[in-house]
Amino acid sequence: MPHGSGGTLHFETAPLKIVRAEKQFMTDNFGIQYLDCVSNVAHVGHCHPHVVAAGKNQMATLVSAQGFMNDALTKYVKQLVNKLPDVLSICYLVNSGSEANDLALRLARAYTNRKDVVVFDDAYHGNLGNLIDISPKMFKQMPLGKKEFVHVIPCPDTYRGIYREDDVRAAEKYVKEAEHIIHQASRSNRKIACFVSESIVVNCGVIVPPRNYFRLLYNLIHEIGGVCIADEVQTGLGRTGEYFWAFEHYGVIPDIVCIGKPLGNGHPMGAVITTREIADSLGEYYSTFGGNPVACAIGMAVLDVIENEKLVQSAKAVGKTLLENLQQLRLNHRVIGDVRGIGLCIGVEIVEHKTSRKPATALAQTIIYKLKEEHHILVQVQGPGRNVICITPPMCFTQTNARSLFNALDAVLSSLAHSNTEGIIDIASNIVVPHPRSVLSMEDLENMSEELEGPEAKKARTSYDDID
């Protein structure tokens, strides 16, 4: 029987078979424990007992009540909406970040009676067809390329973009670039329905726009009759510290906010929150599984954990320490071109040389593999050049974990530098990393699963303590 294509794997040339996870740690089939700096979806920590118990208890009571009244739905929506500005008062519950962004697009188009969308270059907003169309990261690889209703503006990257960190007017200049593209669209009789963006642009390499960028661009979009959609799938629920939402760092209020799987700590959940006026333009909306009792119980448990364990405050404190230490590391290693981020959303840009700022893609891959193999720490790379080490761990990540990551990265970079006397650029060019396959078939995965089955696998499975 033929199998369809599967998804991509982390560390594809030397993949891990994960058999269990707890808090900020994952364990493979050999019983080796790894510090997880990747799984932002496991927002409050893998298999948090309070979240697991909420799901188990609700699943044993009532799983589906579509079309009927249910207290869990009412209570959860109220709890979630209370975390947002008052004007954002209408909540739709869905099953994923992709579904949330798709619904947001539908809302914006219904409200404005327009179709066109403004997005950042190299942005990614989900896997549904409508979202592939507005995700340059994806449609650049497609035969038909960009659709005429999509207008791509420069990502406000002050490290390698057209306006950089030494330009005090970078925000205004980036908005001027956007204005020029929007006016070009207008002259072609294209009218903008919405601007869609992450608040911290993780998929473009953890880009932190200049402080007043969103305020200026939101004003521009509103002036031309469009609405602003904040994709908080990777940055919401306190990840950036201090605030519950990343957009709050910029002093703006989006017209529509989208959230994804971190709402359910990995359980399939998503949400769209918008204004009454925009919601009224949509008409009837129907979702069989969105807002089911199990999802609502899990969602409430996640919000409880965030509050009870003070995870927003923790993200601010731990993230601040980690960011400062990594910035100090940048001074000691020539291949770290930039360190940026807020809270537990941090990017470390690996370059061949600080002057050229050329992405060191192969070197970045080698670093993340060495962190895995030698230090049992899991990170990933992002950005167009696949050279930005992205750090988005579960929110229970501690100061001790941050110290471990910092020390390990320092050790890996030092060992790479000392292994070649000709300099860092030669190291970057001589590293050989097998080119990963973009997707794996089910047959690939099954074969790989058999190959990775270690002698301690059974022991690892049977020794795992069930969480009540």
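Here's the yes/no breakdown for (1) over 30 Å from residue 288 (Cβ atoms); (2) at pLDDT 95 or above:
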{"site": "113", "(1), (2)": "no, yes"}
{"site": "145", "(1), (2)": "yes, no"}
{"site": "170", "(1), (2)": "yes, yes"}
{"site": "193", "(1), (2)": "no, yes"}
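So is residue 97 open to solvent by less than 30 Å² (accessible area, probe 1.4 Å) and at positive phi or not? No: the conditions fail for residue 97. For residue 23, the conditions (1) farther than 20 Å from residue 279 by Cβ; (2) under 22 Å from the mean Cα position of the chain (by Cα); (3) open to solvent by less than 30 Å² (accessible area, probe 1.4 Å); (4) in contact (Cβ under 8 Å) with a residue 12 or more places away in the chain are fulfilled apart from (3). Would you call residue 321 polar (S, T, N, Q), in contact (Cβ under 8 Å) with a residue 12 or more places away in the chain and open to solvent by less than 30 Å² (accessible area, probe 1.4 Å)? The answer is no for residue 321. Residues in the stretch 217-246 that are crowded, with 24+ Cβ neighbours inside 10 Å, of a type outside the set (Asp, Glu), without any contact (Cβ under 8 Å) to a residue 60 or more places away in the chain and not in a helix (DSSP H, G or I): 228, 230, 236.
Conditions (1) surrounded by fewer than 16 Cβ atoms within 10 Å (Cβ to Cβ); (2) assigned to a helix (DSSP H, G or I), marked per residue:
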site: 27; (1), (2): no, no
site: 53; (1), (2): yes, yes
site: 67; (1), (2): yes, no
site: 84; (1), (2): no, no
site: 93; (1), (2): no, no
site: 114; (1), (2): no, no
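When residue 258 is tested against (1) outside any loop (DSSP other than H, G, I, E, B); (2) touching a residue at least 40 places away in the same chain (Cβ under 8 Å); (3) surrounded by fewer than 24 Cβ atoms within 10 Å (Cβ to Cβ), just one condition goes unmet, and that condition is (3). Within the stretch 147-164, does at least one residue satisfy the condition of being surrounded by 19 or more Cβ atoms within 10 Å (Cβ to Cβ) and in contact (Cβ under 8 Å) with a residue 60 or more places away in the chain? Within the stretch 147-164 (the criterion being surrounded by 19 or more Cβ atoms within 10 Å (Cβ to Cβ) and in contact (Cβ under 8 Å) with a residue 60 or more places away in the chain), the answer is yes, since at least one residue qualifies.
For the stretch 295-318, a residue qualifies if it is among the small types (Gly, Ala, Ser) and surrounded by 19 or more Cβ atoms within 10 Å (Cβ to Cβ), and the qualifying residues are 295, 297, 299, 301, 314, 315.
Being of a type outside the set (Gly, Ala, Ser), surrounded by fewer than 24 Cβ atoms within 10 Å (Cβ to Cβ) and either under 27 Å from residue 90 (Cβ atoms) or under 16 Å from the mean Cα position of the chain (by Cα) (or both) is true of residue 249. The residue list 279, 230 contains one member that is closer than 23 Å to residue 110 by Cα, under 19 Å from the mean Cα position of the chain (by Cα) and either of a type in the set (Ser, Thr, Tyr) or at pLDDT 95 or above (or both), which is 230.
Looking across the stretch 125-138, just one residue is open to solvent by 50 Å² or more (accessible area, probe 1.4 Å) and either touching a strand residue (DSSP E or B) at 6+ places or on another chain (Cβ under 9 Å) or among the basic types (Lys, Arg) (or both), and that is 137.
Whether any residue in the stretch 430-446 is modelled with pLDDT of 80 or more, assigned to a helix (DSSP H, G or I), more than 17 Å from residue 345 (Cα to Cα) and acidic (Asp, Glu) is what I want to check. Checking the stretch 430-446: not a single residue is modelled with pLDDT of 80 or more, assigned to a helix (DSSP H, G or I), more than 17 Å from residue 345 (Cα to Cα) and acidic (Asp, Glu).
The values are calculated or read from the model by the stated rules, or taken from the named source; none is laboratory data. Every value quoted in this text rests on a predicted model; they were computed, and no experiment measured them. With ideal geometry, Cβ positions are generated from the backbone for all residues, glycine too; neighbour counts draw on all protein chains shown. Please note that ligands, DNA and RNA were not included when accessible areas were found on the heavy atoms of the full protein model with its side chains. Shrake-Rupley method; radii C 1.70, N 1.55, O 1.52, S 1.80 Å.
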